[in-house]
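All of the numbers you see were taken from the coordinates with simple rules; none came from a lab. These numbers were taken from a predicted model, which means no experiment stands behind them. Quick reminder, even Gly has a Cβ in these numbers, built from the backbone with ideal geometry, and neighbours come from all protein chains shown.
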Amino acid sequence: MHELGYIDGKNIHIEPRFAGGKNEHLAHLAAQLVQLKADVIVSAAIQPSLAAKNATSIIPVVFAGVGDPVAWGLVKSLARPGGNITGLTNFAPELSGKRVELLKETIPRISRLAVLRDPRQPPQSFVQTERAARSLGLSVQSFEIRNGDEVDKAFAAMRKERADAFISLPQGIFSINRKRILRLAETSRLPSLYGDKIWAEAGGLMSYGPDTMRINRRAAWYVDKILKGTNPADLPVEQPSKFELVINLKTAKQIDLTIPPNVLARADRVIR
């Protein structure tokens, strides 16, 4: 926003609200912003975006990093969102197949792939992951997580089922429990692949997904357009166009895994 000429306290006033990972607080926080008569509400991830949608049908809402906004009912379509809501999605189901391929190239011996998923989320990403895995001759083991208490149970089950590696789908419940998942991945010595570079930077083995920094920066452009009079219904939802492969060689060394040169050569960033 600063690069677009906005300075907090001078020509714009920013009212931040944080739920601290407690979704039950989101409705109240969204109502606060509506009561303040905000000109635009910006939300990140699906649950805050749904809270904003439920709180107002008048104030423009810009979401950033939401998976499949059509399936969630935020917009009517990507090209014609309609209503007061638009923004940027990180939804790219075709990436699911690419993640499976990357794991197979990295660990050719893999035969049992575990997938961590939130069953409350739309199924497209899991379906694409499962389809890609089976096309490569891999068996797929699905482990459902709805809250933090189920994370430890999922890893215990993965060890029992002798999973060779796992993919964590890019869903909100996993971001909230990132530290626990990374710790268990390390102690279980399981190769892993995630959908955002934040995971690889924090100790995950590999990540492949949209450039989240670019998504957040583009959200500011949407806010600017709306503040200058553009109707959010006329701003198509933007899909990701740039993707990043990040590999953490420190983590690979910890689990005695050698990353093949052809995979390393494709990495946008290698953490050593």
TODO: Lys and Arg at +1, Asp and Glu at -1: add these up for the other residues within a Cβ distance under 13 Å of VAL100 and post the number.
DONE: +1
TODO: Consider just the alpha-carbon atoms of the stretch 224-272 and return their Rg together with their Dmax, both in angstrom.
DONE: 19.7, 56
Open item on the list: Under 17 Å between alpha carbons, and skipping anything fewer than 8 positions from LYS197 in its own chain: which lysines qualify?
Closed with: LYS98, LYS179, LYS242, LYS250
Task: Among 76-85, 197-206, 101-110, the order from most to least packed when residues are scored by Cβ within 10 Å on average - done: 197-206, 101-110, 76-85
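Quick one: grab the alpha carbon gyration tensor of the stretch 91-205, order the square roots of its eigenvalues as a ≥ b ≥ c, and give me rounded if a/c is under 1.5, else prolate or oblate depending on whether a/b is larger than b/c.
The shape class here is rounded.
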Open item on the list: Cross-link candidates for LYS76: which lysines have Cα within less than 18 Å, leaving aside residues fewer than 8 places away along the same chain?
Closed with: LYS53
- [ ] Search the structure for amide H atoms under 5 Å from the amide H of ILE85, placed 1.01 Å from N in the peptide plane, and list their residues when 5 or more places away or on another chain.
- [x] VAL61
